[in-house]
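The values are calculated or read from the model by the stated rules, or taken from the named source; none is laboratory data. Since the structure is predicted, the reported quantities are computational estimates derived from the model, not experimental observations. Glycine also receives a Cβ, built like all others from the backbone with ideal geometry; neighbour counts cover every protein chain displayed.
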Amino acid sequence: MTRAQFHCRLPVPAALTAVAVGMAGCVSPTAPPPPPGGGQRLVLSYAGYESLVAPVIARHGCDAGGDCHGGGIRGTLQLSPATAKNGIYDFDQLVLQVNPVHRDSSALLLRPLADEEGGKPHPTKAFATAADSDYVAVRGWIQSGVLQ
């Protein structure tokens with residue numbers, strides 16, 4: 001083998017070795033990583049909503065009437081108007097206000113709770129304390145949810 005032939009052959013094996021070593025670090029995982037939050041979602045009962053939560057919402061006048069819960073610039077919770085109640089729509093909207101991991105930190109509980117009781121900013125304070133029967137009903141519904 002001449003010196004010229006040696007130089008021509010040397011880079012090929014070295015390049016192949018470099019590619020093989022580099023590929024070892026590019027192996028894809030056998031399973032995709034779990035999604036944030038573990039990939040679970042909180043499933044809340046529609047029947048529980050109808051029996052426990054809907055009466056509380058109605059009693060406190062929480063609907064799209066006036067400046068309350070019409071969505072848009074009014075806030076994140078949009079509900080159906082009192083003249084055209086849509087239970088499934090309202091249920092779906094209220095579920096979005098529930099924190100599946102830290103349920104007691106849910107906006108559905110904290111926004112209507114009195115500030116001095118740990119509530120969050122909201123123009124109307126429907127619950128004076130966490131012992132209020134309406135608060136207890138809504139909290140019970142949230143706590144009964146199942147992670148799936």
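Of all residues in the range 66-91 being exposed (fewer than 12 other Cβ atoms within 10 Å of the Cβ) and either hydrophobic (A, V, I, L, M, F, W, C) or part of a helix (DSSP H, G or I) (or both), which is modelled with the highest pLDDT? Top of the filtered list is ILE88.
Among the residues making up the range 99-148, those that are of a type in the set (D, E, K, R) and under 25 Å from GLU50 (Cβ atoms) are ARG103, ASP104, ARG111, LYS125, ASP132, ASP134, ARG139. Of all residues in the range 119-134, those being closer than 19 Å to VAL101 by Cα and either in contact (Cβ under 8 Å) with a residue 12 or more places away in the chain or basic (Lys, Arg) (or both) number 1.
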